[in-house]
Structures are given as structure tokens and as C-alpha cells.
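The values are calculated or read from the model by the stated rules, or taken from the named source; none is laboratory data. Computed from a predicted structure; not experimentally measured. Here the Cβ positions follow ideal geometry from the backbone for every residue, glycine too, while neighbour counts run over all protein chains shown.
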């Protein structure tokens with residue numbers, strides 16, 4: 001997929017425009033060179049999936065909701081329960097939070113954080129840094145756009161998960177409506 005800086009600019013969190021917009025070419029290169037870049041580029045080009053309700057069984061009950069940051073990050077990292085972004089919960093993060101600290105931010109990483117504004121979990125994929133700012137790819141809320149943001153307003157938990165190699169892009173399955 002041909003990703004343009006304009007596509008990226010349309011998805012930058014409004015809180016982070018002043019940091020990211022002046023560096024769109026750098027962010028574009030981060031996405032293009034990221035080991036999970038193919039999935040992120042796919043989602044940037046398919047913003048309709050951000051609002052598409054996905055069928056998932058949670059604790060024996062049918063869940064039919066649009067994806068959120070947790071399910072999107074797990075999908076991008078190749079460790080999600082479904083082969084498409086979905087609505088994830090804190091218990092979906094449990095297997096990834098309890099692992100041993102792997103050191104400072106390295107590439108590629110699933111970034112798990114606590115958002116002080118919502119007092120809840122937030123998840124994204126670490127892309128790299130612009131100066132002292134850590135940049136992530138994330139979904140900015142359930143049913144909200146997939147895009148690029150900083151992690152400045154989130155306290156990043158020092159536990160990261162790097163999935164197995166050989167991650168491949170999977171087309172959205174038929175259970176996406």
C-alpha cells in the first residue's frame with residue numbers, strides 16, 4: 001500500500017498534532033520500516049474497520065462491538081484472538097503484562113500503558129521516537145480512527161511483549177460485518 005503523509009496526518013490524535021505533524025516524513029518511515037508495518041498500513045487504509053462491529057464470544061456471551069485500542073494492538077502484534085481488530089478488555093492484556101521487564105523501549109514492541117485521563121488501560125505499538133517523544137500506532141478509542149499518537153499522556157508500564165516472528169497480514173474474516 002502506498003502511504004502518504006496526508007493519510008497519516010488525518011489520523012493523528014488532536015492532542016499530539018503539534019508534535020507529530022512537523023515530523024510526518026519521519027513517522028511515515030517508521031511505519032514503512034516497522035516489522036509490523038504491513039498491518040498498520042492496512043489499517044490506515046481501512047479506517048472503516050475502526051467502526052465495524054466484530055462478533056466475539058467473551059465469557060460465553062456474544063459480544064458485538066467495534067474494535068478498541070487493546071484488540072487493535074494485539075491484532076497488529078500478531079497475537080490477537082481474532083484475525084482482525086476487535087474489542088479487547090484488560091483481561092486480554094493479562095498474559096502480556098505479567099512477563100518480565102525486557103528493558104528500555106526497543107523496536108518492535110507492544111506498548112501497554114495506563115491512561116491518566118480515563119484511568120484505564122491503553123495499548124498501542126511502539127514506532128520509535130521523535131526527540132524525547134515516544135511515538136505509537138494505536139486506535140484512539142472504541143470505534144475511533146487507527147492512527148499515530150505520542151505516549152506522553154500515558155504512563156507506560158515497563159512490561160512489553162514481543163511476539164513470535166513470521167507475522168503475516170491476514171485479510172479481515174467473514175465474521176466482520
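Assorted remarks:
- Residue count for region 136-172, restricted to those that are modelled with pLDDT under 85, closer than 15 Å to residue 36 by Cα and part of a strand (DSSP E or B): 1.
- Scope region 56-96; condition out of contact with any strand residue (DSSP E or B) (no Cβ under 7 Å at 6 or more places or on another chain) and in a helix (DSSP H, G or I); matching residues: 71, 74, 75, 91, 92, 94, 95
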